[in-house]
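**Q** Below are the structure tokens for one structure; questions will follow.
The values are calculated or read from the model by the stated rules, or taken from the named source; none is laboratory data. These numbers come from a predicted model, not from an experiment. Cβ placement follows ideal geometry from the backbone for every residue including glycine, while neighbour counts extend to all protein chains displayed. Just the protein is used for accessible areas: all its heavy atoms, side chains included, with ligands, DNA and RNA removed. Shrake-Rupley method; radii C 1.70, N 1.55, O 1.52, S 1.80 Å.
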Amino acid sequence: MHHPIDTVTKSKLALTKNSLDLPTRLRRNRKSPWARAMVRENTLTTADLIWPVFVIEGDNLRVPIAAMSGVERFSIDQALRETERAAKLGIPAIALFPYTDPALRDDQGSEAVNGDNLICRTCRAIKKEIPEIGIITDVALDPYTSHGHDGLMRDGMILNDETVAVLAQQALVQAEAGADVIAPSDMMDGRIGVIRETLDQSGLELVQILSYAAKYASVFYGPFRDAVGSFAALTGDKRTYQMDPANGNEALREAELDVIEGADMLMVKPGLPYLDIVYRLKQDFGLPTYAYQVSGEYAMIEAASAGGFIDRDRAILESLMCFKRAGADGVLTYFAPRAAELLKMAS
Ligand code: PBG
């Protein structure tokens, strides 16, 4: 599927040196649906889809998110209904994100380590009702801090090691509540190792770590910050911890550290504008590698299709297939339920 460069070059030479001197016609293999099906190099299935779900306090609530048409924040009872639907569609895992009541946000992000916070209660409820689906939880302080940053702040600086200590506790309460996969998205240095150690010491050695190894300081997170309510709060930007979009080699160093520290899986974020990074991480490390088709990417497809400029369903499936072609083992996407429906209809 992913050929080393020299194999590709060799087959190119073979084609140009056609001894009969007949024209090469690559279109032969595309002449009909069955021929295309025969030579198709990659596949997209529902097993490739991970669905990010936003939760809020309350009962029987579904709150639309202005910046993400079609995406809602669910109270726990509604999240259960939707998770059940996702499981029935064959989606293997969901990724939970909280909208924290502003009254519970403080400069330390204390609510993140409350073992009875919204995320932990959601995990327990899902584990009880729908044990067959995987639960991924996000580790970072931004939904909990009054300043909207992923870490602790002092004199305008985001503190690294002090933050890591809190993140490890956050990961622990989530895992104890039933999270199957811990996904640190904070970009502090050294957090994977400390989280792994903390989990292992608590007998949670089977809880996986999906590291947001290469997470860029991206404008494409805008709608998400609206969804978790950290947008209005955020002071400054996240460029002292998230990566510079200009850098590719640095992503390999980020991933290498996380692999050494014990990451089970890697993630690249955002998705489509960063497919070169997906490709390189998969090639270099061979770990299960995921991409996050983030809120801004979702919003772009939604806006273009709402305007009548592109076909929404086809744009969803094409964009997801491109992640597979780049080497991703799966995609976190707000389109997951729709994509699963489309794949089911096509089969
Ligand atoms: C928070 C976090 C963010 C996203 C996932 N986890 C936002 C950020 O870093 O500001 C973005 C997801 C999306 O845009 O869909 N640590």
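**Q** Among (1) of a type in the set (Gly, Ala, Ser); (2) in contact with a His (Cβ under 7 Å, 6 or more places away or on another chain); (3) within 18 Å of residue 265 (Cα to Cα), there is one condition residue 233 misses while meeting the rest; what is its number?
**A** Among (1) of a type in the set (Gly, Ala, Ser); (2) in contact with a His (Cβ under 7 Å, 6 or more places away or on another chain); (3) within 18 Å of residue 265 (Cα to Cα), residue 233 violates only (3).
**Q** Give me a count of the residues in region 103-137 that are part of a helix (DSSP H, G or I) and either farther than 26 Å from residue 157 by Cβ or modelled with pLDDT under 95 (or both).
**A** 13
**Q** Filter region 203-250 for residues that are assigned to a loop (DSSP other than H, G, I, E, B) and among the β-branched types (Val, Ile, Thr); which is farthest from the ligand (Cβ to nearest atom)?
**A** Looking at the filtered set, the residue picked out is 207.
**Q** Shifting gears a bit: Go through (1) crowded, with 17+ Cβ neighbours inside 10 Å; (2) in a helix (DSSP H, G or I); (3) out of contact with any helix residue (DSSP H, G or I) (no Cβ under 8 Å at 6 or more places or on another chain) for residue 300 and report which single condition fails.
**A** (1)
**Q** From 316, 310, grab the single residue that is in contact with a helix residue (DSSP H, G or I) (Cβ under 6 Å, 6 or more places away or on another chain) and open to solvent by 40 Å² or more (accessible area, probe 1.4 Å).
**A** Unique residue meeting the criteria: 310.
**Q** Only one residue in 294, 228 is open to solvent by less than 50 Å² (accessible area, probe 1.4 Å), among the aliphatic types (A, V, I, L, M), under 16 Å from the mean Cα position of the chain (by Cα) and at pLDDT below 95. Which one?
**A** It is 228.
**Q** How do the pairs read when you match residues in region 47-61 that are closer than 14 Å to residue 117 by Cα and without any contact (Cβ under 8 Å) to a residue 60 or more places away in the chain with residues anywhere that are away from the ligand (no atom under 16 Å from the Cβ) and hydrophobic (A, V, I, L, M, F, W, C), using Cβ under 9 Å and keeping only pairs 6 or more apart or on different chains?
**A** Final answer for the pair search is 58/76.
**Q** Shifting gears a bit: Name the pairs: first residue in region 237-248 and aromatic (Phe, Trp, Tyr), second residue open to solvent by less than 50 Å² (accessible area, probe 1.4 Å) and modelled with pLDDT of 95 or more, Cβ to Cβ under 6 Å, at least 6 apart or on different chains?
**A** 241/158; 241/187
**Q** Here is a check on your reading of the model: is residue 246 aliphatic (A, V, I, L, M), open to solvent by less than 70 Å² (accessible area, probe 1.4 Å) and more than 22 Å from residue 50 (Cα to Cα)?
**A** So residue 246 fails the test.
**Q** May I pose another question? Give all pairs with beta carbons closer than 7 Å in which a residue from region 292-321 that is farther than 16 Å from residue 45 by Cα meets a residue that is more than 16 Å from the ligand (Cβ to nearest atom) and in a loop (DSSP other than H, G, I, E, B); count only pairs at least 6 apart in sequence or on separate chains.
**A** Between residues of region 292-321 that are farther than 16 Å from residue 45 by Cα and residues that are more than 16 Å from the ligand (Cβ to nearest atom) and in a loop (DSSP other than H, G, I, E, B), the close pairs are 304/310; 305/311.
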